[in-house]
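The next block holds one structure in the form of structure tokens; read it before the comments.
The values are calculated or read from the model by the stated rules, or taken from the named source; none is laboratory data. It should be emphasised that the depicted structure is a prediction, and the values quoted were computed from it without experimental measurement. Because the Cβ atoms are built from the backbone with ideal geometry, glycine has one as well, and the counts that use them run over all protein chains shown. The accessibility values were calculated without ligands, DNA or RNA, using every heavy atom of the protein model including side chains. Shrake-Rupley method; radii C 1.70, N 1.55, O 1.52, S 1.80 Å.
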There are 4 protein chains.
Amino acid sequence: MSPGRIELRGKPIQDLIGHLSFTQMIWFMTMGEELAEEKEGLLEAALVAAVDHGPQAPSIAIARMASTCGVDINNAMASALNVLGDVHGGAGEQAVELFSQIRDSIEQGTPIKQAVEQTVQHWQLSHGKFIPGFGHRFHNPVDPRSPRLMELVREAAGRNSVSGQYAEIGEAVARHLENRARRPVPMNIDGATAVIFCELGCPPTLARGLFCLSRSVGILAHAYEQTKQGTRNKGPVPPDYLWTYEP
Amino acid sequence: MSPGRIELRGKPIQDLIGHLSFTQMIWFMTMGEELAEEKEGLLEAALVAAVDHGPQAPSIAIARMASTCGVDINNAMASALNVLGDVHGGAGEQAVELFSQIRDSIEQGTPIKQAVEQTVQHWQLSHGKFIPGFGHRFHNPVDPRSPRLMELVREAAGRNSVSGQYAEIGEAVARHLENRARRPVPMNIDGATAVIFCELGCPPTLARGLFCLSRSVGILAHAYEQTKQGTRNKGPVPPDYLWTYEP
Amino acid sequence: MSPGRIELRGKPIQDLIGHLSFTQMIWFMTMGEELAEEKEGLLEAALVAAVDHGPQAPSIAIARMASTCGVDINNAMASALNVLGDVHGGAGEQAVELFSQIRDSIEQGTPIKQAVEQTVQHWQLSHGKFIPGFGHRFHNPVDPRSPRLMELVREAAGRNSVSGQYAEIGEAVARHLENRARRPVPMNIDGATAVIFCELGCPPTLARGLFCLSRSVGILAHAYEQTKQGTRNKGPVPPDYLWTYEP
Amino acid sequence: MSPGRIELRGKPIQDLIGHLSFTQMIWFMTMGEELAEEKEGLLEAALVAAVDHGPQAPSIAIARMASTCGVDINNAMASALNVLGDVHGGAGEQAVELFSQIRDSIEQGTPIKQAVEQTVQHWQLSHGKFIPGFGHRFHNPVDPRSPRLMELVREAAGRNSVSGQYAEIGEAVARHLENRARRPVPMNIDGATAVIFCELGCPPTLARGLFCLSRSVGILAHAYEQTKQGTRNKGPVPPDYLWTYEP
């Protein structure tokens, strides 16, 4: 950078503006390479799918509450984004990690069924019982975002835009968990977006970063809506509900 | 929302995934309406243009430093996003406000030249000497992003995708400031993106929110790059530089 | 600072440790001077009074929610501290400003009653109807913290540790508002701590900073308690309460 | 809590104000019990010792930079506090953990020297080479805060206010590391405050929380100082230093 000149990863900014879509720019900035056109649709889909999950999600609830406290919209967004931690935002990252481990095992010659079983077992020993990317305490039995995302992955694999290997891995994990639990344990949004990030070659930490960008849209939308309403110091529940008035 | 069902602004999420681009989804979530196809390119351009301004920008410097302190990537992003305040992130919002005031004055019958002069004078009386969206202490005389963005606005106005009225207003402000200062005071990135946000009908607060989304991409890219490097507790300058060792 | 040597505001740190209380250190670091011993009790009282206001306060609610999202305790504290904005954290700062304006008016010879009336009127014209530091939507008619703090101020004034002038000003404002509204509008916690900060000579911005330090204690206590409970992704209300299940 | 009534951990707030010091209140809120008077001095010392480490510490640098971006003081503090993560703020927490493990080993009958060797070896196997609480890349050979804090611990142990057991453990670790490295590896501020937190019975997570409260004082002092200076958008280094101007 010098006065009158801005280059991003070696390209003059004025050559990027008007040529790259925002989604392509996200990939270019974080991965340092251009996203092949036939893969762009999958990244768009993953980013679109995770924008919001309603005001009961802690991130969204925080964005709305913060907006009533007299802070600016960037501050409300920051307080909310900040809580996309290991539990709230990390499942996608962990699922990318899990799928990559299974794939490594397959590359070394283990059959997929066995690779899934061994890796899941090992994961639970070192990380606890939660398998990231599968099951949902609320969307039971099916999170509507996952089948749609998987459909797009299979279409892309069908025209050889991606390998489809991680879609197979994800589905094999779901089958394994289902057989073990004797009830459906469907892939959730974190699992389905992790399949896409793996197919695109995106490493785990960055997968969480991309989820953060996606969820920031919902965070902004809710913060903005709340700001327009003008409420002051809104607590987490209506004032009538929690307080025990003593005589 | 109910188990197995997620609707965003009345649309089932599975119908949005694969049909809306991420940029269209941003508009849909924040403005509550679909973005007309012929306008999408302008929003893409505004979002692409502001992603990064190098490690000397406080937001980017903070993202990098935070990443060396052992926090997760969402936390590093939050600390950085949080500082896009009135000074660092607010100029775009203020420029949207300024252009809107000028436009209101024109609507009431004031000729554009006079509307610009009066509104700028009034702005400086109530906000101080800085006119948001014009001049740059570093990119002097010209910020390369602005002419490119304005070129896209004029193209869009040429095919009647937008009115072009705010482009005229922005240019009139630049001429006015230039005449007054007897040196070029070109439109900067905040001014040029404000023209686009005005042309698209985006209100001031949301303009800052969209800038926050855009800059979050650069913040993520730098935080991720720094995380990969693995440095621990990196201060703002190389240790050798600041300290005065006393014998 | 040099290797083996740390000085804070010109004093070697090892001479401060064990000699200054934490409260004295807070004053020394922020104001750059030692706090006179006879004034220390007032600062302790102001810091103690504002530590917590229960899980319905947005800051505390956010600290608890954040702790369930898998972030570290510093992150949960930051998300909460971040929302102590103009509405949630700024009333004390504004009350210091208001009292200082009234005092300036008195210094110029205006009788206190008139100084209060004029300054309050001017405040409402430029800032809107809220008078910072008076009234409480929940603790009605009396916030129990305020009379206790004012009692301590009067005691300190009685032994000439502080002037007591700001206590008089605060009480004059309460009387004025009460006469105007024909109902009690008692001083709240922000008003009472503002009286103390004014008596100690602490400027407005720093008054908000000291409130932030005080409330950080309650934020930490709640974040820590929630962390020990181990809940994951706790939304703002019990899951049974909000959702409308549709058949 | 009910209108006109605020109780903190079962005590009416008006009975705490004026009776507890801020430091006692911190303990009461976080630990849920009153701090014995003879222990108060140690907690004061630990809180005083860690308030600041100059503008080269990332937390302090961020507080200063944030203040130039037009955000409020609570936001500047939050961005800074947020980075007291595992690397920047976690060493004290980890040292409490380490000392507690050594103590458990001693309780089970292992002699202290052997308990130290085994626990340190095990720690390095599972956490990597860094031993939290010992050595300093800048204050070499001695961090002046540590000997002073240890002196206070020994005095308190001498009058039976605390056991002194953790002081012995900390010193045994330092001797062990020194023998192994054949150079001094003195206890640093994190080690010395961890000894105090252990002597007081404070668990690891809370130790980090108390460090956060302490460092918040320095963060506030620097943010406030920078705010008063009024600089706008201050980057991490003077503009002349980093940029490569190309002709």
message = Can you compute the label reach from A:A36? Point 7 Å from Cα along the Cβ direction, backbone N cut-off under 19 Å, restricted to segment A:183-203.
response = A:195-203
task = Run through the other copies and list how far each one's label point is from that of A:P12, in nm with one decimal, shortest first; the point sits 7 Å from Cα along Cα-Cβ.
result = 4.9, 6.0, 7.5
inquiry  = With a 1.4 Å probe and all protein chains left in place, how much of the accessible area of the protein assembly as shown comes from carbon and sulfur atoms, in whole percent?
reply    = 47 percent
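How large is the accessible surface per residue of segment D:1-48, computed with a 1.4 Å probe and reported in Å² as a whole number?
Per residue, segment D:1-48 has an accessible area of 38 Å².
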request  = Report, in cubic angstrom per residue, the convex hull volume of the C-alpha atoms of segment A:46-147.
outcome  = 130 Å³
ask   = Do the alpha carbons of any pairs in A:K11/B:K228; A:K234/D:K39; A:K129/C:K228 sit beyond 28 Å of each other, and which pairs?
value = A:K234/D:K39
remark   = Any helix of chain B counts here only if DSSP assigns it H throughout, its Cα atoms span 30 Å or more along the axis, and its mean Kyte-Doolittle hydropathy is at least 0.0, and such helices are B:204-229
task = Using the charge dipole of chain B (Lys, Arg: +1 at Cβ; Asp, Glu: -1 at Cβ; taken about the Cα centre), state which of B:L47, B:A63, B:G164 has its Cα farthest towards the positive end.
result = B:A63
message = Defining the label point at 7 Å along Cα→Cβ, can you sort the distances from D:G201 to the same site in each other copy, shortest first, in nm?
response = 4.1, 5.9, 6.6
inquiry  = With 21 Å as the cut-off, how large is the P(r) tail for chain D, expressed as percent of Cα-Cα pairs?
reply    = 64 percent
inquiry  = Tell me the per residue accessible area of segment B:110-162 using a 1.4 Å probe; a whole number in Å² is fine.
reply    = 55 Å²
Area hidden from solvent between C and D (accessible, protein heavy atoms only, 1.4 Å, total, Å²) = 5700 Å²
key: Rg over Rh [alpha-carbon atoms, Kirkwood Rh] for the protein assembly as shown   = 0.97
message = Below 8 Å, C-alpha to C-alpha, sequence gap of six or more: please give me the relative contact order for segment D:1-156 in percent.
response = 16 percent
task = Considering only protein heavy atoms, with the full assembly of protein chains and a 1.4 angstrom probe, order B:D190, B:D52 by accessible area, largest first.
result = B:D190, B:D52
query = Assigning unit charges at the beta carbon (Lys, Arg +1; Asp, Glu -1) and nothing else, what dipole magnitude in debye, to the nearest 20, does the protein assembly as shown show about its Cα centre?
reply = 0 debye
task = For C:R180, place a label point 7 Å out from Cα along the Cα→Cβ vector, do the same in each other copy, and report the separations in nm, one decimal, smallest first.
result = 3.7, 6.7, 6.9
request  = Report the closest approach of any chain B C-beta to the axis of the B-to-A rotation: residue and distance, in whole angstrom.
outcome  = B:A78, 2
message = So if a site counts as exposed when it's one of the trypsin sites (Lys or Arg not before Pro), its DSSP state isn't H, G, I, E or B, and it has at most 15 other Cβ atoms within 10 Å, what's the longest stretch of chain B without one?
response = B:10-128
query = Which whole-angstrom value gives the distance between the alpha carbon centres of segment A:150-187 and segment C:101-154?
reply = 65 Å
